[in-house]
Every structure is written in structure tokens, then in C-alpha cells.
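Structure record follows, encoded as C-alpha cells.
Nothing in this text is a laboratory measurement; each read-out follows from the coordinates by a stated rule. Just so it is clear, the structure is predicted and the values come from calculations on it, not from any experiment. Quick reminder, even Gly has a Cβ in these numbers, built from the backbone with ideal geometry, and neighbours come from all protein chains shown.
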Amino acid sequence: MSVMLETKNLGISFGGLKAVDGLSLSIEKGQLYGLIGPNGAGKTTAFNLLTGVYKPTMGNFFLDGEKLTGMSTIEINKKGVARTFQNIRLFKQMSVLDNVKVGLHNNFEYTAAEGIFRLPRHAKVEKQMNEKAIELLDVFGLAGEKDRLSSNLPYGKQRKLEIARALATSPKLLLLDEPAAGMNPQETQELMDTIRFVRDHFDMTILLIEHDMKLVAGICEEVTVLNFGTVLAQGETSSVLQNPEVVKAYLGD
């Protein structure tokens, strides 16, 4: 298997605080990989480094062999990295369909003039975007909700919509930040099925942050554990979750 994401000694400091310090990991294409650790361990900061929200103060990271360090959020997204957020960030007053269409900007374009004057190319591209968006929504069982405001969807469906919008950018790597946050056990089980389906159906590589250890143990093949910004443990999921140092980091002495 070839490597999709590689980080080498990646880190960032805020003043004297090293929020992430020397993160090195390697994720193979098609892998479901977990990034876990106690609150404040640096997990979301690592995601922000991988998506260009923050610029690293040390190290580098590579997507499918290409160095992305220092690129902007937009550039990194166009290279093939998409993410969701712990707190769902949908366009609440836009329809379900339009939320997904926003994510299609990497694949469909027309000029401002073509849009203003409703020229034939504008109509053609809009039709293609509608068809592609509905196709994605259908995969997640949301096609029948396409005209609803996203804010009116139940929580579990909002999470699915956020994933669908991320996939609309045609990523190689999907970053999921605590996708099970706020979900009940049934919704979490459905989410696990959805994540597996996304990996298999879209041939996707997935890196996820999650506190629900049942979900992590159920779908992640390997994990990296962060604690105070540094790597505490790495490897096959079941072995890492039984590591006494990992248990101690979560539960204390």
C-alpha cells in the first residue's frame, strides 16, 4: 500500500506553549485511522495544521507524496484534503441541496458574467451541479430532503450532510473531527456504518478525532495517541487502547 498522508516532526508553538510537538505519522491509502487523546492533547490543532488554518512552526506534511506545508486552506482543499468540524458548520439558512453545491466549487466553474447574464454555460453547469449534488445526497439517504433548510434536519442527518458537502470537494483525504459528538448510541452506530461506507464507496482515506472509544475500536485500524501535544503511543488500535500509559492518560493514576 502507498502512503496517503505523512507528517514528519510536525508541530506548532504559541508563544512558549508547544501545542503540537513532533507529530510523525504515516497513513496508507484507504486506511481508517484514529487520532485520539484527552481533552487539550492537541488533536484539533493537528487538524488545523493539516488544513492550513495554522502554519507549522516545525516539520512538514505530505499528501500522496506532495508537500503541502505552508499552503493556504483553499490550496490544501484543492489538493485533496477536506474536513468536518466537532461543532457542525452548515449554512443553516441554505437548503440541503445548496449546502452540497457549495462543496462542488473544485469541479464546476463559470464566469461572473455567465452567472449574471444567465448565459447558456451557466445553465449547463448549474444543471450538472444539481445532478451531482443529488447523487451525493442519495448516497446518504438525503435526496428526499434536498429542499429543506439544513437547520431543520435532525442532528444525525446534519452530520451526514456535512460529510456529503466535504466529499463534494473530491478529496483524497477526509478529516472527521469528533463526528460522534452529541450523538446517542443508535446515531453513533449509524455513523460508524456511514464512515465505513464512505471509505469503501469513495475509496477514501479517513483520519478521525474521536472520544467515543467504542467507535474508535470498531472502525479504526490504527491510532495515534496525543497527550500534551506529543505522541504517547501509536500502532494497531486494540493494542494501543490496552497500553497502560494510554489508560493512565485518559483516566489518571
Total formal charge among the other residues, if their Cβ is under 15 angstrom from that of Gly40, Lys/Arg +1 and Asp/Glu -1 = -1
Determine the calculated [θ] at 222 nm for the chain from helices alone, applying -39500 (n - 2.57) to every DSSP H run no shorter than 4 residues and normalising by the residue count; nearest 500 deg cm²/dmol.
-> -11000 deg cm²/dmol
Rounded to the nearest 0.05, what FRET efficiency is calculated for Lys124 and Phe228 with R0 set to 51 Å and r the Cβ-Cβ distance?
-> 0.45
Which pairs in the list Lys127/Lys214; Lys43/Lys101; Lys43/Lys67; Lys67/Lys157 are over 31 Å apart, alpha-carbon to alpha-carbon?
-> Lys127/Lys214; Lys67/Lys157
Provide the gained length on full extension for the span Lys248 to Thr57, in nm with one decimal, where the gain is 0.36 nm per separating residue minus the Cα-Cα distance.
-> 65.8 nm
antiparallel share of DSSP beta bridges within the chain, to nearest 5, in %, is 60 percent
Determine the gain in length on full extension of the stretch Ser238-Ser24; use 0.36 nm per residue of separation and subtract their C-alpha separation, reporting nm with one decimal.
-> 75.0 nm
Fewest-first sequence of Met204, Met94 by Cβ atoms within 10 Å of each Cβ | Met94, Met204
Report which label in (i) 33, 22, 15; (ii) 27, 23, 20; (iii) 28, 24, 16 holds the value of semi-axes √(5λ) of the Cα gyration tensor in Å derived from the coordinates of this structure.
-> (i)
Using label points projected 7 Å from each Cα along Cα→Cβ, tell me how many nm separate Asp147 and Gln189, to one decimal.
-> 3.4 nm
Simple SL model, points at 7 angstrom along Cα→Cβ for Met94 and Phe14; separation in nm is 2.8 nm
Taking 7 Å along the Cα-to-C-beta vector as the label spot, tell me the His105-Met213 distance in nanometres, rounded to one decimal.
-> 4.1 nm
Relative contact order %, the chain, counting alpha carbon pairs below 8 Å whose residues are six or more apart | 27 percent
How do Tyr33, Tyr250, Tyr54 rank when sorted from fewest to most other Cβ atoms within 10 Å of their own Cβ?
-> Tyr250, Tyr54, Tyr33
Going fewest to most other Cβ atoms within 10 Å around each Cβ, Lys101, Lys248, Lys78, Lys43 line up as Lys248, Lys78, Lys101, Lys43
The answer for GluC sites (Glu not before Pro) in region 21-91 that fall in a DSSP coil and have at most 11 neighbouring Cβ atoms within 10 Å is none
